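**Q** Just dropping this structure here.
The values are calculated or read from the model by the stated rules, or taken from the named source; none is laboratory data. Note that the coordinates shown come from a computational prediction; the quantities given were computed from them, not determined experimentally. All Cβ positions, even for glycine, are placed from backbone atoms using ideal geometry, and neighbour counts span all protein chains on display. Accessible surface areas use protein heavy atoms only, side chains included; no ligands, DNA or RNA. Shrake-Rupley method; radii C 1.70, N 1.55, O 1.52, S 1.80 Å.
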Amino acid sequence: MNPRRAVGAVLGTGTVLCLLAGVAVTALAVRVDGTSMAPTLHQGDRVLVAPGSAGRARRFDVVLLRATGRDALLVKRVIALPGDRVAIVSTPDAPFQVLLQEGGEGPVRRVVAPQWAAQAHRTGACCGPDGTRSARPELRTVPEGAFFYLGDNPDLSDDSRAYGWGALDRVEGRVGVRAFPASASPGVGNRPVLVEYRGPSP
């Protein structure tokens, strides 16, 4: 094969592979609707689920799930797992303090995510016995087979505060990568961290 034909063959193969990859992303990726996960994920982003992650949740992962009693597919962040105790404390100076006691034992710590500090302005307490909003903050234990989840844009997110505990068996998978837009980072960042909490325990 002469060099010109070889180059043409390589370019043709590359074009076909790009087209196949585009079709795969379109067919397999899930489109993000709404702004509840901004700035981590935006309206129109497409994400791919990590293989073999259905029915599982790890603390602070972003997952696709179906809320109890709802068929709509949600994209949210896992905050607390079975056996954890969780609460949300609101004060005029700090309207959105998410508290977590891992495994129900040891110190109560605060979940810190930079995106919350920039966007959480509405006050509200949690949690009731079912994991929803409550009149006052109270640490609640996440039941077996369940988890507590929030959006990264808490003022504009319907999450456990509205729907209650998530069910692990309704998790369709962990968000592995952002497949679209191509100009965006493929990773899903803004992962929260746990820090010391000095306020009164709810």
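**Q** Would you check which residues across segment 100-115 are in a loop (DSSP other than H, G, I, E, B) and exposed (fewer than 14 other Cβ atoms within 10 Å of the Cβ) and list them?
**A** Result: Glu105, Gly106, Pro107.
**Q** Now for a different question. Given the conditions (1) in a loop (DSSP other than H, G, I, E, B); (2) touching a Cys at 6+ places or on another chain (Cβ under 6 Å), and given that Arg161 satisfies all but one, which numbered condition is not satisfied?
**A** (1)
**Q** If you check Pro143, Pro137, Pro129, which single one turns out to be within 14 Å of Leu99 (Cβ to Cβ) and assigned to a loop (DSSP other than H, G, I, E, B)?
**A** Pro137
**Q** Within segment 80-99, track down each residue that is in a strand (DSSP E or B) and farther than 14 Å from Ala125 by Cα.
**A** Across segment 80-99, the qualifying residues are Ala80, Arg85.
**Q** Still on this structure, please answer the following. Out of all the residues in segment 34-73, which are among the polar types (S, T, N, Q), within 14 Å of the chain's Cα centre (by Cα) and open to solvent by 60 Å² or more (accessible area, probe 1.4 Å)?
**A** Scanning segment 34-73 gives a single hit, Thr35.
**Q** Are any residues in segment 75-96 under 19 Å from the mean Cα position of the chain (by Cα) and at pLDDT below 95, and if so, which ones?
**A** Phe96
**Q** Further question: Against the definition (out of contact with any Asp or Glu (no Cβ under 6 Å at 6 or more places or on another chain) and modelled with pLDDT of 95 or more), how does Val30 come out, yes or no?
**A** It is false that Val30 is out of contact with any Asp or Glu (no Cβ under 6 Å at 6 or more places or on another chain) and modelled with pLDDT of 95 or more.
**Q** Can I ask one more? Pick out the one residue from Ala146, Ala118, Ala94, Ala135 that is crowded, with 18+ Cβ neighbours inside 10 Å and aliphatic (A, V, I, L, M).
**A** Result: Ala146 is the single residue among Ala146, Ala118, Ala94, Ala135 that is crowded, with 18+ Cβ neighbours inside 10 Å and aliphatic (A, V, I, L, M).
**Q** Can you pull out every residue in segment 54-83 that is touching a Lys or Arg at 6+ places or on another chain (Cβ under 8 Å) and within 15 Å of Trp165 (Cβ to Cβ)?
**A** Ala57, Val63, Leu65, Arg66, Ala67, Thr68, Leu74, Val78, Ile79, Ala80, Leu81
**Q** Filter segment 161-182 down to residues that are open to solvent by 30 Å² or more (accessible area, probe 1.4 Å), under 15 Å from Gly151 (Cα atoms) and not aromatic (Phe, Trp, Tyr) and give me whichever is nearest to the chain's Cα centre (by Cα).
**A** Looking at residues that are open to solvent by 30 Å² or more (accessible area, probe 1.4 Å), under 15 Å from Gly151 (Cα atoms) and not aromatic (Phe, Trp, Tyr), I get Arg174.
**Q** Being over 18 Å from Val177 (Cα atoms), charged (D, E, K, R) and in contact with a Ser or Thr (Cβ under 7 Å, 6 or more places away or on another chain), is that true of even one residue in segment 74-92?
**A** So far as segment 74-92 goes, yes, one or more of its residues are over 18 Å from Val177 (Cα atoms), charged (D, E, K, R) and in contact with a Ser or Thr (Cβ under 7 Å, 6 or more places away or on another chain).
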